[in-house]
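No lab work stands behind these numbers, since they all come straight from the coordinates. None of the values given here were measured: they were computed from a predicted structure. As a convention, Cβ positions derive from the backbone with ideal geometry for all residues, glycine included, and neighbour counts pool all protein chains shown.
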Amino acid sequence: MEFDIDTLKAAASAVAREQNLSKDCSAGGVGAALLCDSGDTYTGICIDASCSIGFCAEHAAIAEMLKSRRTRVVAMIAVNDRGEILPPCGRCRELIYQVDKRNGDTQVILPDKRVMLLRDLLPWHWSANKKRSRERGEASARRRSPRRA
Ligand SMILES: [Zn+2]
């Protein structure tokens with residue numbers, strides 16, 4: 001699915017307006033927009049709170065998308081309230097991938113409007129390593145079995 005970076009960026013920028021809610025909490029310093037395979041765009045804002053209980057704008061956008069029972073993200077972007085494009089943090093990369101493994105093909109818009117696939121931002125993914133470890137474990141268990149018998 002083709003998409004326009006500037007349109008997606010405008011959707012994220014439209015919600016990225018920092019609001020100071022209290023001395024311990026602000027929101028909207030970052031806005032995110034996800035283009036779903038349905039063609040719909042979902043947005044979210046971050047909440048920055050003391051004690052690490054806030055979350056990223058991408059998390060909020062994912063929750064918004066899931067309300068429509070959609071999981072496949074075609075493209076995504078996050079911007080701060082100055083309009084600067086921010087790459088997703090590791091936790092957001094992981095969350096988007098876990099929501100739908102097909103999201104390895106999500107086109108992530110990075111600073112300077114560079115576009116990379118999510119899977120390329122998650123090299124040596126732990127679940128692939130887990131699978132490889134399990135395979136190695138099974139193989140070594142098979143090798144050990146004859147010696148134990
Ligand atoms: Zn994040």
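Data overview
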| quantity | calculated |
| --- | --- |
| Verdict on Asp48 being surrounded by fewer than 16 Cβ atoms within 10 Å (Cβ to Cβ) and of a type in the set (D, E, K, R) | no |
| Pairs with Cβ under 6 Å, 6+ apart, first in segment 1-30 and more than 21 Å from Thr106 (Cβ to Cβ), second basic (Lys, Arg) and in a strand (DSSP E or B) | none |
| Failed criterion for Val79 (all others in (1) surrounded by fewer than 20 Cβ atoms within 10 Å (Cβ to Cβ); (2) more than 13 Å from the chain's Cα centre (by Cα); (3) within 16 Å of the ligand (Cβ to nearest atom); (4) of a type in the set (A, V, I, L, M, F, W, C) hold) | (1) |
